[in-house]
Amino acid sequence: MDKSFNAFKMAQDQFDAVADKLNLSEASRELLRTPMREYHFSIPVKMDDGTSKIFRGFRIQHNDALGPCKGGIRFHPQETVDTVRALSMWMTWKTSVVDIPLGGSKGGVICDPHNLSDREQEQICRGWVRQLHKNVGPLRDIPAPDVMTNGQHMLWILDEYETITGEKYPGMITGKPVGMGGSLGRTEATGYGVIFTVREALKEMNLKIDNTTASFQGFGNVSQYAIKLYNQLGGKVLCVSCWDQQDQTSYAFYKKEGINLEELLNITDRFGGVDKIKAKELGYEVLPGDKWIEIECDILVPAAMENQITGENVNKISSNVKLIAEGANGPTTPEADEVLKKRGIFIIPDFLCNAGGVTCSYFEQVQCNMNYFWSKDEVLGKLDYKMTTAYHKVSKLAREKKLYMRDAAYMISVDRVVRASVARGWI
Ligand code: GLU
């Protein structure tokens, strides 16, 4: 991986290009190419062995013109401020493209949950809130799960927030466990959302989903549910790749007759790492992790981290690939994007493709505010409607103006945020 890669620079370059296309004023550019607020802080934790450790945490609020800031919290050993900045900006475009009344933010803590006990992780979550309780909240900034965080982390954060404030605020955070203010369907939402957009794209391309094959990068929450729905609709997944904590590298698991999701889930840890010895016994070919991109299939789904499809590997993509659905945030570098554009590979850009999670988070907040919870079918029906509507709005603009899908999505999102900022009298 390119060590000089900077996600924030990439997010700013993408924004600058759209700003030119939309002919934005200097003030609009200044406002939107930089986050509005940033919090950087230390979280002291007493570890299980009695030692003290200090973890660095961030919360970056990119923009709240459309509503309170919204975005996940990542736990990752390689987290950087610039990555969180980029992710906060992409959240602004994400909430905007699906037209929900929320802004964009992101949080991160530099830590590796693989090496932390539950108690230590709980202390990080509670410490995070102790530093930030004045700057987050249901009407300010609402966190959610992201890479290596889940409903349990959200509940610890909520509990600390409610302990400090002395009141109950179920809408302070989303992605909570069902029964504790969580929404049915939230766990599935990001992955299902990816496939709702894939389904619509395939229809437009006159391809029958049950004749298609796919290769996935990542086997965490997004991939697992995306594969589930894709399989239900008849698609065949030939390959998934994932991180192997023991070997500190990734492996790709390939089966030409199609992977069996249940079988793989049975040998997968809670971070999405597949047991390679057991996988071999089950007849999977175990390949180096970067092979996922070379698989001859119709659809590629990068659903792990940023900076994965790059100038270096983009030409390894097979000529069979017709569609790339970006389940991850920022998986494709601008250099790779240019190549994909030229090759005519259809892209469902990240902040549209993976917006199902935040859309369902919005539904979770709505249900918390009403204190009345919908059935799973109702949640997923509303999610499908939102994702499908957003997809078609973008693809219509792309067709009419002959734009690359990413550019069309950016134009719709940025335009909405600019209009809201103008309406508020900011610019
Ligand atoms: N972390 C998810 C994302 O990147 C979900 C954010 C949310 O639900 O607020 O979209």
- Which one is farthest from ILE73 (Cα to Cα), of the residues in segment 38-48 that are open to solvent by 50 Å² or more (accessible area, probe 1.4 Å) and in a strand (DSSP E or B)? LYS46
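Restricting to segment 67-90, count the residues that are assigned to a helix (DSSP H, G or I) and either without any contact (Cβ under 8 Å) to a residue 12 or more places away in the chain or not β-branched (Val, Ile, Thr) (or both).
Taking segment 67-90 and keeping what is assigned to a helix (DSSP H, G or I), we get 81-90.
Going one step further and asking which of them are either without any contact (Cβ under 8 Å) to a residue 12 or more places away in the chain or not β-branched (Val, Ile, Thr) (or both), we end up with 82, 85-90.
Residues in segment 67-90 being assigned to a helix (DSSP H, G or I) and either without any contact (Cβ under 8 Å) to a residue 12 or more places away in the chain or not β-branched (Val, Ile, Thr) (or both): 7 in total.
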- Task: Give the residue that is farthest from the ligand (Cβ to nearest atom), with candidates limited to residues of segment 294-304 that are open to solvent by less than 10 Å² (accessible area, probe 1.4 Å) and closer than 15 Å to LEU202 by Cα.
- Result: CYS297
- How many of the residues making up segment 313-343 are charged (D, E, K, R) and open to solvent by less than 10 Å² (accessible area, probe 1.4 Å)? 1
- Message: Just to verify a result, which residue in segment 180-195, among those that are surrounded by fewer than 24 Cβ atoms within 10 Å (Cβ to Cβ) and among the hydrophobic types (A, V, I, L, M, F, W, C), is nearest to ILE345 (Cα to Cα)?
- Response: LEU184
- Item | Residue identified as small (Gly, Ala, Ser), away from the ligand (no atom under 16 Å from the Cβ) and in contact (Cβ under 8 Å) with a residue 12 or more places away in the chain among ALA336, ALA355 | ALA336
- Message: For segment 264-285, which positions are over 30 Å from ASP82 (Cβ atoms) and exposed (fewer than 15 other Cβ atoms within 10 Å of the Cβ)?
- Response: LEU265, ASN266, ILE277, LYS278, LYS280, GLU281, GLY283, GLU285
- Is it true that some residue in segment 210-225 is part of a loop (DSSP other than H, G, I, E, B) and in contact with a Leu (Cβ under 7 Å, 6 or more places away or on another chain)? yes
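For segment 91-104, does any single residue satisfy the condition of being part of a strand (DSSP E or B) and without any contact (Cβ under 8 Å) to a residue 60 or more places away in the chain? Before the answer, list the steps.
Just the residues of segment 91-104 that are part of a strand (DSSP E or B), to begin with: 104.
Remaining after also requiring without any contact (Cβ under 8 Å) to a residue 60 or more places away in the chain: 104.
Scanning segment 91-104 turns up at least one residue that is part of a strand (DSSP E or B) and without any contact (Cβ under 8 Å) to a residue 60 or more places away in the chain.
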- Message: Regarding segment 305-312, can at least one residue be identified that is open to solvent by less than 20 Å² (accessible area, probe 1.4 Å) and over 20 Å from ASP350 (Cβ atoms)?
- Response: no
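Here's the yes/no breakdown for (1) among the charged types (D, E, K, R); (2) within 16 Å of the ligand (Cβ to nearest atom); (3) open to solvent by 10 Å² or more (accessible area, probe 1.4 Å); (4) over 22 Å from the mean Cα position of the chain (by Cα):
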| position | (1), (2), (3), (4) |
| --- | --- |
| VAL18 | no, no, no, no |
| LEU24 | no, no, yes, yes |
| ARG33 | yes, no, yes, no |
| MET36 | no, no, yes, no |
| GLY50 | no, no, yes, yes |
| ARG59 | yes, yes, no, no |
| HIS62 | no, yes, no, no |
| LEU66 | no, yes, yes, no |
- State whether the residues of segment 161-173 include one that is open to solvent by less than 40 Å² (accessible area, probe 1.4 Å) and among the hydrophobic types (A, V, I, L, M, F, W, C). yes
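The values are calculated or read from the model by the stated rules, or taken from the named source; none is laboratory data. Please read these numbers as outputs of a predicted model, since none were measured by experiment. Positions of Cβ are backbone-derived with ideal geometry, glycine not excepted, and every protein chain shown enters the neighbour counts. These accessible areas exclude ligands, DNA and RNA; they are computed on the full protein's heavy atoms, side chains included. Shrake-Rupley method; radii C 1.70, N 1.55, O 1.52, S 1.80 Å.
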